[in-house]
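J.: Quick one: this structure, given as structure tokens, is what I'll be asking you about.
The values are calculated or read from the model by the stated rules, or taken from the named source; none is laboratory data. Please read all numbers here as calculations on a predicted model, not as lab measurements. Heads up, the Cβs are rebuilt from the backbone with ideal geometry, glycines too, and the neighbour counts pull from every protein chain shown.
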Amino acid sequence: MMGERRPNLLAGAPREDEPEIEDRIERRRQDDEDRAIVRSPRERGKPRDASRELGEKVMSLGDHLDELRTRVIHALWGIAILFFGSLYFGPTVLNWMIKPVQSALRAEGLPATMLATGMFETFFTYLKISTVASIALGFPWILWQLWKFVAPGLYRHERRFVTMLLPMSLVLTIVSSLFLYFVVLPVMLHFFVHFGTTVSPTQAAVAPMPAGVSLLNVPVLAADPPAPKGGDVWFNTELKELRLALMPAGAAEGAKPLVYSTPLSTSSGIVLQPKIREWVDTLLGLALAFAAGFQLPVVVLLLGWIGLVTPAFLKTYRLHALFAIAVIAALITPPDPISMLIMMAPLYVLYEFSIWMLRAFPASRVAGDTGGEPDGEPSEG
């Protein structure tokens with residue numbers, strides 16, 4: 001009879017669960033076919049059943065390129081809007097970046113001024129800061145556009161991994177920036193500025209004063225006086241500057257005088273005056289290095305989920321990891337032992353945190369129970 005399965009004499013009596021096994025094989029074959037199906041952009045917002053009524057189709061290379069172009073344009077528009085906003089707040093960000101240097105210079109009795117030796121140096125530094133700030137603020141928006149492009153081709157259990165790692169990476173990046181600015185920079189700058197002022201000290205000669213000569217007494221103030229008159233002179237201890245008020249030529253009666261100043265420093269033999277462009281480049285490089293170093297939990301989780309490392313393996317090789325952390329800290333920090341030790345501490349804490357995270361969130365737990373859905377079914381965008 002047509003459609004009747006012929007018995008296999010060599011296989012013996014047919015098993016009762018053969019139909020169930022064949023059904024499972026058929027479902028697996030259908031799932032393998034579904035792996036190659038990617039829904040077109042027009043069908044992503046529709047329920048899956050409705051999409052099947054229309055007939056799912058494989059996206060062509062042109063469809064993929066069109067979708068990629070759309071996401072890139074959206075990302076660039078977001079960055080452009082943030083860039084114009086960053087231009088407005090650029091001077092504030094610049095002052096925020098040079099504030100640690102100024103504080104370290106004042107603490108050592110040096111003028112809190114930075115040099116710009118080129119005509120366009122300050123302007124191009126301002127543009128660089130605005131560009132970096134717009135990219136940093138718009139990084140979540142860039143990731144969102146990347147996610148919108150990639151997510152339709154991922155399975156549901158793969159989406160769970162990504163949605164866990166991306167927020168963790170962003171939080172660790174923010175924590176690395178705060179740690180660099182409030183912990184590492186004050187210690188690092190104090191070490192280098194203090195070293196620069198004490199490496200070559202100078203001693204002024206002392207001799208009796210000539211007859212009839214008296215010293216000039218200048219008021220020492222913590223801030224400028226509220227209403228100085230023309231000819232007033234004082235020393236500002238906060239700015240480490242000798243300041244002089246002069247009336248401009250042809251000024252009307254009651255006009256405010258102009259305040260001129262000259263920075264003063266202790267006799268150290270070496271006057272430290274950092275260049276603004278070099279400091280901004282150094283700070284941005286340090287921020288990038290610290291952000292990369294703080295991604296240690298993300299890297300460990302990825303290695304653990306693909307089976308390359310286990311919590312027991314990481315615990316066994318703690319000393320080896322500590323040596324590797326010391327090497328990394330020496331590479332990404334300035335060449336002073338204090339900054340290296342300060343960097344080693346959070347990296348080792350993150351290493352222990354990675355072991356706990358890998359034990360608390362194994363791959364099977366993050367993937368979840370996929371028994372209720374086909375294993376190979378792509379997720380819906």
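J.: Restrict the check to the stretch 192-215 and report whether at least one residue is surrounded by fewer than 13 Cβ atoms within 10 Å (Cβ to Cβ), without any contact (Cβ under 8 Å) to a residue 40 or more places away in the chain and closer than 25 Å to I79 by Cβ.
T.: No, every residue in the stretch 192-215 fails to be surrounded by fewer than 13 Cβ atoms within 10 Å (Cβ to Cβ), without any contact (Cβ under 8 Å) to a residue 40 or more places away in the chain and closer than 25 Å to I79 by Cβ.
J.: Determine which member of the set G118, G196 is assigned to a helix (DSSP H, G or I) and over 21 Å from the mean Cα position of the chain (by Cα).
T.: On the way: G118 fails: assigned to a helix (DSSP H, G or I).
Result of the check over G118, G196: G196.
J.: Additional query: Which is modelled with pLDDT under 90 and touching a Ser or Thr at 6+ places or on another chain (Cβ under 7 Å), of G304, G269?
T.: Working: G304 fails: modelled with pLDDT under 90.
That would be G269, the only listed residue that is modelled with pLDDT under 90 and touching a Ser or Thr at 6+ places or on another chain (Cβ under 7 Å).
J.: Can I ask one more? Only one of (1) more than 29 Å from P91 (Cα to Cα); (2) assigned by TED's automatic domain parsing to the domain that holds K128 is not met by G250, so which one is it?
T.: (2)
J.: For the stretch 333-347, indicate whether the set of residues that are among the β-branched types (V, I, T) and closer than 30 Å to A116 by Cα is non-empty. Walk me through how you get there before you give the answer.
T.: Going through the stretch 333-347, the residues among the β-branched types (V, I, T) turn out to be 333, 338, 342.
Of the ones still in play, those that are also closer than 30 Å to A116 by Cα are 333, 338.
Yes: the stretch 333-347 contains one or more residues that are among the β-branched types (V, I, T) and closer than 30 Å to A116 by Cα.
J.: Sticking with this structure for a sec: Mind listing just one residue for me: the one in the stretch 296-311 that is closer than 30 Å to A133 by Cβ and surrounded by fewer than 17 Cβ atoms within 10 Å (Cβ to Cβ) and, of those, farthest from the chain's Cα centre (by Cα)?
T.: So, considering only residues that are closer than 30 Å to A133 by Cβ and surrounded by fewer than 17 Cβ atoms within 10 Å (Cβ to Cβ), the one farthest from the chain's Cα centre (by Cα) is L302.
J.: While we're on this one: Can you name the residue in the stretch 75-95 that is farther than 24 Å from T237 by Cα and among the hydroxyl-bearing types (S, T, Y) and, of all such residues, is surrounded by the fewest Cβ atoms within 10 Å (Cβ to Cβ)?
T.: As a first pass, look at the stretch 75-95 and keep what is farther than 24 Å from T237 by Cα: 75-91, 93.
Going one step further and asking which of them are among the hydroxyl-bearing types (S, T, Y), we end up with 86, 88.
On the way: S86: 24, Y88: 9.
Result: Y88.
J.: Determine, yes or no, whether A136 is under 19 Å from F89 (Cβ atoms), of a type in the set (G, A, S) and surrounded by 16 or more Cβ atoms within 10 Å (Cβ to Cβ).
T.: Numbers: under 19 Å from F89 (Cβ atoms): yes; of a type in the set (G, A, S): yes; surrounded by 16 or more Cβ atoms within 10 Å (Cβ to Cβ): yes.
Criteria met by A136.
J.: Same structure again: For the stretch 96-103, check the following and say yes or no: at least one residue is assigned by TED's automatic domain parsing to the domain that holds G138 and exposed (fewer than 14 other Cβ atoms within 10 Å of the Cβ). First the steps, then the outcome.
T.: Applying the first criterion (assigned by TED's automatic domain parsing to the domain that holds G138) to the stretch 96-103 yields 96-103.
Retained after the next criterion (residues that are exposed (fewer than 14 other Cβ atoms within 10 Å of the Cβ)): 96, 99.
Looking for residues that are assigned by TED's automatic domain parsing to the domain that holds G138 and exposed (fewer than 14 other Cβ atoms within 10 Å of the Cβ), one finds at least one in the stretch 96-103, hence yes.
J.: Next question, about the same structure. Only one residue in R106, R71 is in contact (Cβ under 8 Å) with a residue 24 or more places away in the chain, out of contact with any Phe, Trp or Tyr (no Cβ under 6 Å at 6 or more places or on another chain) and part of a helix (DSSP H, G or I), so which one is that? Outline the logic, then answer.
T.: Working: R71 fails: out of contact with any Phe, Trp or Tyr (no Cβ under 6 Å at 6 or more places or on another chain).
Among R106, R71, only R106 is in contact (Cβ under 8 Å) with a residue 24 or more places away in the chain, out of contact with any Phe, Trp or Tyr (no Cβ under 6 Å at 6 or more places or on another chain) and part of a helix (DSSP H, G or I).
J.: Further question on the same structure: Considering (1) more than 24 Å from E108 (Cβ to Cβ); (2) touching a strand residue (DSSP E or B) at 6+ places or on another chain (Cβ under 9 Å); (3) buried (at least 16 other Cβ atoms within 10 Å of the Cβ); (4) not hydroxyl-bearing (S, T, Y), say which one I276 fails and leave the rest.
T.: (1)
J.: Return yes or no: is M164 outside any helix (DSSP H, G or I) and not assigned by TED's automatic domain parsing to the domain that holds L244? Please lay out each step first, then the result.
T.: Values: outside any helix (DSSP H, G or I): no; not assigned by TED's automatic domain parsing to the domain that holds L244: yes.
Answer is no for this residue.
J.: What do you reckon, is P225 in a loop (DSSP other than H, G, I, E, B), within 26 Å of N95 (Cβ to Cβ), free of Cβ contacts under 8 Å to residues at least 12 places away in the same chain and not assigned by TED's automatic domain parsing to the domain that holds F161? Spell out the reasoning first.
T.: On the way: in a loop (DSSP other than H, G, I, E, B): yes; within 26 Å of N95 (Cβ to Cβ): yes; free of Cβ contacts under 8 Å to residues at least 12 places away in the same chain: yes; not assigned by TED's automatic domain parsing to the domain that holds F161: yes.
For P225, the condition - in a loop (DSSP other than H, G, I, E, B), within 26 Å of N95 (Cβ to Cβ), free of Cβ contacts under 8 Å to residues at least 12 places away in the same chain and not assigned by TED's automatic domain parsing to the domain that holds F161 - is met.
J.: Which pairs have Cβ atoms under 8 Å, sit 6 or more apart or on different chains, and link a residue in the stretch 319-340 that is in contact (Cβ under 8 Å) with a residue 60 or more places away in the chain to one that is aromatic (F, W, Y)?
T.: These pairs meet every condition: P334/F192; D336/F191; D336/F192; I338/F191; S339/F191.
J.: For the stretch 228-239, enumerate the residues that are without any contact (Cβ under 8 Å) to a residue 40 or more places away in the chain and either under 27 Å from L272 (Cβ atoms) or not in a loop (DSSP other than H, G, I, E, B) (or both). Break it down into steps so the answer makes sense when it comes.
T.: Of all residues in the stretch 228-239, those without any contact (Cβ under 8 Å) to a residue 40 or more places away in the chain come to 228-237.
Once the filter is applied, which keeps residues that are without any contact (Cβ under 8 Å) to a residue 40 or more places away in the chain and either under 27 Å from L272 (Cβ atoms) or not in a loop (DSSP other than H, G, I, E, B) (or both), the stretch 228-239 yields V233, W234, F235, N236, T237.
J.: I would also like to ask the following. On the basis of being at pLDDT 90 or above and either surrounded by 13 or more Cβ atoms within 10 Å (Cβ to Cβ) or not assigned by TED's automatic domain parsing to the domain that holds L284 (or both), does L350 make the cut?
T.: When the stated conditions are applied, L350 passes them.
J.: Follow-up question, since we're still on this one. From (1) out of contact with any helix residue (DSSP H, G or I) (no Cβ under 9 Å at 6 or more places or on another chain); (2) closer than 24 Å to R160 by Cα; (3) not small (G, A, S), pick out the condition that doesn't hold for L319.
T.: Of the numbered conditions (1) out of contact with any helix residue (DSSP H, G or I) (no Cβ under 9 Å at 6 or more places or on another chain); (2) closer than 24 Å to R160 by Cα; (3) not small (G, A, S), the odd one out for L319 is (2).
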